[in-house]
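This report refers to the structure that appears directly beneath it.
The values are calculated or read from the model by the stated rules, or taken from the named source; none is laboratory data. Keep in mind that this is a model prediction, so the values were computed, not measured. All Cβ positions, even for glycine, are placed from backbone atoms using ideal geometry, and neighbour counts span all protein chains on display.
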Amino acid sequence: MAQYSRVSGSVGLITLQNPPVNALSAAVRQGIVDTVKRALGDPEVKAVVIRGQNGVFCGGADIKEFGTNMSGPHLVPMIHAIEAANKPVVAAIEGIALGGGLELALGCHYRVAHSKARLGLPEVTLGLLPAAGGTQRLPRLIGVPAALDLITKGRHITAAEALQLGVVDQVTGHGTVDAAVKFALSVAGKPLDARRISTYPCPRTSDLDALFEGVMQKVRQSARGAIAPIACVQAVRAAATLPYLQGMEREKELMATLFTSGQARALQYSFFAQRAVGRWSTPSGARWDTSKPRPVHIAAVIGLGTMGRGIAVALAQAGLSVIAVETQEKQLMEAKQAVSGMLERGAKRRGVAPALDKVSYSHDIKAVADADLVIEAVFEDMALKRTVFRQLSAVCKPGTVLCTNTSGLDVEHLASQTRNPQLVVGMHFFAPAHVMKLLEVVYGPQSSPQAVATAMQLGKKMGKVSVAVGNCRGFVGNRMLKPYLEQAFFLLEEGATPELVDRALEEFGFPMGVFKMSDLSGLDVGWRVRKADGLAEPVGASGQPARIRQGQRYSPLGDLLCEQGRFGQKTGRGWYQYDKSGGQVASSDPWLHSFLEGYRAMHGLVARRIDLQEVLERCLYALINEGFRILEDGIVAGPEDIDIIYVFGYGWPRHRGGPMFYASMVGLERVLERLEHHHKAHPDVPHLQPCSLLRRLVSSGSPPVHRWREVLKKLNSQL
């Protein structure tokens, strides 16, 4: 699907036609081959311009073709034929030129880009590398260091940066195609030998071995087990050290390894899952994304602590007018200064003017009377939140959507405090709220489709990945986190150390182990929640054994550290010790190890050897097991919702797809067998008892994760 026409008398214009991003499907590739051949064979044509339909050059390969028997012309020989053409070929880049789209442009002799265009080679984010010459041409064009930066990170660049690097030859503010045609006419008839990038030598770099060794070390550290970034470095090294054709062979070999890898499947699953959660529905299949959201022009935030400030910034950066309310005068002044600083720093990074005028401040809750949507972000205390919702119900205009930023309290109970419970939903942001991409939108039994649609649309406007989830304690993310944390504590009781547990999780791919993360966020945060639940009572105060709470095994280790004033980084001591000057580097703490030995002796626990595999199975399979319970309870519509929540909100390594995808990759039979093994060894831990849904999926033949929605519907219909 490529249209051919002739403009200005002697310029062949080829238009790619495959909305929405003109992906290089088999039909598009065939269309390019045919139209290029036609243009080169037309004696009247002196130059060729390639453009994309509807202001978009090309978004790259058609990812839907991955995993299928690909038909049509191959991309590499197609691009070689363009580069070898005896007439100048100019790429007119509007919108985006990503992946194969940029590789196509690099095969052209010249590139003209619109000032608002974005360019990049993001294949690494799909577990792949640019395999149509991208790893070989880009280093030859812009140098090895710059090419490594773009290819290993999959970073998008602006047209201005592309011009500075030498990726494009000209940037225009308007009329990209006209500018490209004019440019093509100006170079018609000129020699093209010096414009074929594949013939360029790589720009000389002193001490090439040291450069690649340093880059590889950094990439291994940041990749945390992902293999695609490492393969990208290897491919670029081939460009720097081998002739072009040999480099292309190396690129092809590396791509073949990546293409069939489990990591590529996981990353591509995540790509589609992110889009699936936007087409949200109830577990029963009722579609809510067709509901028309209420317009939101004015939004309000109640409570300007850390989370409230971040939410206010996110709303203002999305272009909304924001009313920020904090009843304490001192905190209001501090918040005003903090929000202004965050807006200024964010604007500087993006190269725009700060949205300071978008935010107004008040200490009076009545100031939100005209708001279209209000987000409550006060302290995580049900009594306080109830009071706020009663006040909001009294002062807000009819039709205002009321949202709570609670991380796990009952949204339906808060809704019951209002006159219009159907207009109440949860909007669970993740700290820092103006940075983190995830947003859990929580609906209760009475939440209207329109209210949910409004919150989802607002999340999208703020650049969030919004996932609609049902109302239960902890929702999805924190509900699954609880058994994960419990297992980490139990492992310490049985003989592990924080260092061992964190090492296992970090080698798996988490950016930070559970105990380092606990120190970072503050041990006192969870302690307050446990005390509110009646769990974190002083040892022995409940009349129960210290390791039993509410009839189940309970580890008071975190509570005991908090009683010692060890809250983590903020106090310089937690599960680790930190430099007294406020450093963030965790160091092993001999006191903590002695404390664990004393705790075990007090409770008659004999330390045993625990290996990394047991840590992973106990922590991850308990978390996954709770994910199956969430599916069984109908809190989400499918496994993709859970996986996206964990990838974007909880640091689950993206190259492992998410907890439920990972379970499918490991094998549901294996997960079931290991859960049964660990539950037999620890019968006092209910979270290790395999969920009945997991058993039913195994008995159904362990279908792949993309078929679970279908199986869930079938199983539910049989109940």
Q.
Which condition from (1) assigned to a helix (DSSP H, G or I); (2) of a type in the set (A, V, I, L, M); (3) touching a strand residue (DSSP E or B) at 6+ places or on another chain (Cβ under 7 Å) is the one that V124 breaks?
A. (3)
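Scan the stretch 382-408 for residues that are without any contact (Cβ under 8 Å) to a residue 40 or more places away in the chain and farther than 21 Å from A453 by Cα and jot them down.
Narrowing the stretch 382-408 to residues without any contact (Cβ under 8 Å) to a residue 40 or more places away in the chain: 382-387, 389-391, 393-398, 400, 402, 404, 406.
Once the filter is applied, which keeps residues that are without any contact (Cβ under 8 Å) to a residue 40 or more places away in the chain and farther than 21 Å from A453 by Cα, the stretch 382-408 yields M382, A383, L384, K385, R386, T387, R390, Q391, A394, V395.
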**Q.** Conditions (1) surrounded by fewer than 18 Cβ atoms within 10 Å (Cβ to Cβ); (2) in contact with a helix residue (DSSP H, G or I) (Cβ under 8 Å, 6 or more places away or on another chain); (3) under 13 Å from I302 (Cα atoms); number of the one not met by T387
**A.** (2)
Q. L141 is checked against (1) in a helix (DSSP H, G or I); (2) closer than 30 Å to F272 by Cα; (3) of a type outside the set (K, R); (4) in contact (Cβ under 8 Å) with a residue 12 or more places away in the chain and fails just one. What number does that condition carry?
A. (2)
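Among the residues of the stretch 429-436, are any in a loop (DSSP other than H, G, I, E, B), β-branched (V, I, T) and either at pLDDT 95 or above or under 21 Å from I644 (Cβ atoms) (or both)?
Just the residues of the stretch 429-436 that are in a loop (DSSP other than H, G, I, E, B), to begin with: 430-436.
Filter once more, so that each one left must be β-branched (V, I, T): 435.
Checking the rest, the ones that are also either at pLDDT 95 or above or under 21 Å from I644 (Cβ atoms) (or both) come to 435.
Checked against the condition, which is being in a loop (DSSP other than H, G, I, E, B), β-branched (V, I, T) and either at pLDDT 95 or above or under 21 Å from I644 (Cβ atoms) (or both), the stretch 429-436 yields at least one hit.
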Q.
Restricting to the stretch 193-222, give me the number of residues that are touching a residue at least 24 places away in the same chain (Cβ under 8 Å) and either more than 21 Å from A132 (Cα to Cα) or in contact with a strand residue (DSSP E or B) (Cβ under 6 Å, 6 or more places away or on another chain) (or both).
A. 6
Q.
Suppose the filter is closer than 17 Å to C232 by Cα and of a type in the set (D, E, K, R); does K190 pass it?
A. no
Q.
I'm trying to understand the selection: among the residues of the stretch 567-598, which are more than 18 Å from L500 (Cα to Cα) and more than 32 Å from the chain's Cα centre (by Cα)?
A. K580, S581, G598
Q) If you check every pair at least six apart or on different chains, which have Cβ atoms under 9 Å apart with a residue in the stretch 161-175 that is modelled with pLDDT of 95 or more first and a residue that is assigned to a loop (DSSP other than H, G, I, E, B) and of a type outside the set (S, T, N, Q) second? A) E161/V167; A162/A117; A162/V168; L163/D169; L165/G143; G166/G143; V168/A117; V171/A117
Q: Starting from the stretch 69-83, take each residue that is on the phi < 0 side of the Ramachandran plot and list its partners that are charged (D, E, K, R) and assigned to a helix (DSSP H, G or I), counting only C-beta distances under 7 angstrom and pairs at least six apart or across chains.
A: P73/R29; L75/R29; M78/R29; I79/E103
Q.
Condition first: of a type in the set (A, V, I, L, M), farther than 30 Å from P556 by Cβ and outside any loop (DSSP other than H, G, I, E, B). Now tell me which residues in the stretch 443-493 satisfy that.
A. A451, V452, A453, A455, M456, L458, V465, V467, A468, V469
Q. From A355, A314, which residue is surrounded by 19 or more Cβ atoms within 10 Å (Cβ to Cβ) and either in contact (Cβ under 8 Å) with a residue 60 or more places away in the chain or within 27 Å of V469 (Cα to Cα) (or both)?
A. A314
Q) In the stretch 53-91, what count of residues is obtained for those that are of a type in the set (A, V, I, L, M) and either modelled with pLDDT under 95 or within 31 Å of the chain's Cα centre (by Cα) (or both)? A) 6
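The rows are residues; the columns are (1) among the charged types (D, E, K, R); (2) more than 20 Å from A97 (Cα to Cα); (3) out of contact with any Leu (no Cβ under 6 Å at 6 or more places or on another chain).
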| position | (1), (2), (3) |
| --- | --- |
| G134 | no, no, no |
| Q217 | no, yes, yes |
| A235 | no, yes, no |
| T241 | no, yes, yes |
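Given the options L75, L128, L121, L104, name the one that is touching a Gly at 6+ places or on another chain (Cβ under 7 Å) and surrounded by 24 or more Cβ atoms within 10 Å (Cβ to Cβ). Write out each step before concluding.
On the way: L75 fails: surrounded by 24 or more Cβ atoms within 10 Å (Cβ to Cβ); L128 fails: touching a Gly at 6+ places or on another chain (Cβ under 7 Å); L104 fails: touching a Gly at 6+ places or on another chain (Cβ under 7 Å).
The unique qualifying residue is L121.
Looking at the stretch 496-511 only, could you name the residues that are touching a Leu at 6+ places or on another chain (Cβ under 8 Å) and of a type outside the set (S, T, N, Q)? Walk me through it before giving the result.
Applying the first criterion (touching a Leu at 6+ places or on another chain (Cβ under 8 Å)) to the stretch 496-511 yields 497-498, 500-501, 503-505, 507-508.
If the condition is that a residue be touching a Leu at 6+ places or on another chain (Cβ under 8 Å) and of a type outside the set (S, T, N, Q), then P498, L500, V501, R503, A504, L505, E507, F508 are the ones that fit.
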**Q.** Residue list for the stretch 41-52, filter: in contact with a Gly (Cβ under 8 Å, 6 or more places away or on another chain) and either farther than 17 Å from I96 by Cβ or surrounded by fewer than 20 Cβ atoms within 10 Å (Cβ to Cβ) (or both)
**A.** D42, E44, V45, K46, A47, V48, V49
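In the list A27, A85, which residue meets the criterion of being surrounded by fewer than 16 Cβ atoms within 10 Å (Cβ to Cβ), over 24 Å from I157 (Cβ atoms) and of a type in the set (A, V, I, L, M, F, W, C)? Don't jump to the end; show me each part of the working.
Working: A85 fails: surrounded by fewer than 16 Cβ atoms within 10 Å (Cβ to Cβ).
None of the others qualify; the one that does is A27.
I need the helices (runs of 4 or more DSSP H) fully contained in the stretch 617-717, keeping only those with at least 3 residues that are of a type in the set (D, E, K, R) and buried (at least 16 other Cβ atoms within 10 Å of the Cβ).
Working: elements: 639-649, 659-666, 668-681, 692-699.
It comes to 639-649.
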Q. Which one of the conditions (1) in contact (Cβ under 8 Å) with a residue 60 or more places away in the chain; (2) surrounded by 14 or more Cβ atoms within 10 Å (Cβ to Cβ) does G189 fail to meet, given that it meets all the rest?
A. (2)
Q) Among the residues of the stretch 480-502 satisfying the criterion of being under 20 Å from P590 (Cβ atoms) and among the aliphatic types (A, V, I, L, M), which is nearest to the chain's Cα centre (by Cα)? A) V501
Q: Could you figure out which of (1) under 22 Å from G526 (Cβ atoms); (2) modelled with pLDDT of 95 or more isn't true of S407?
A: (2)
Q) Somewhere in the stretch 309-327, is a residue modelled with pLDDT under 95 and either more than 25 Å from the chain's Cα centre (by Cα) or closer than 19 Å to F430 by Cβ (or both)? A) yes
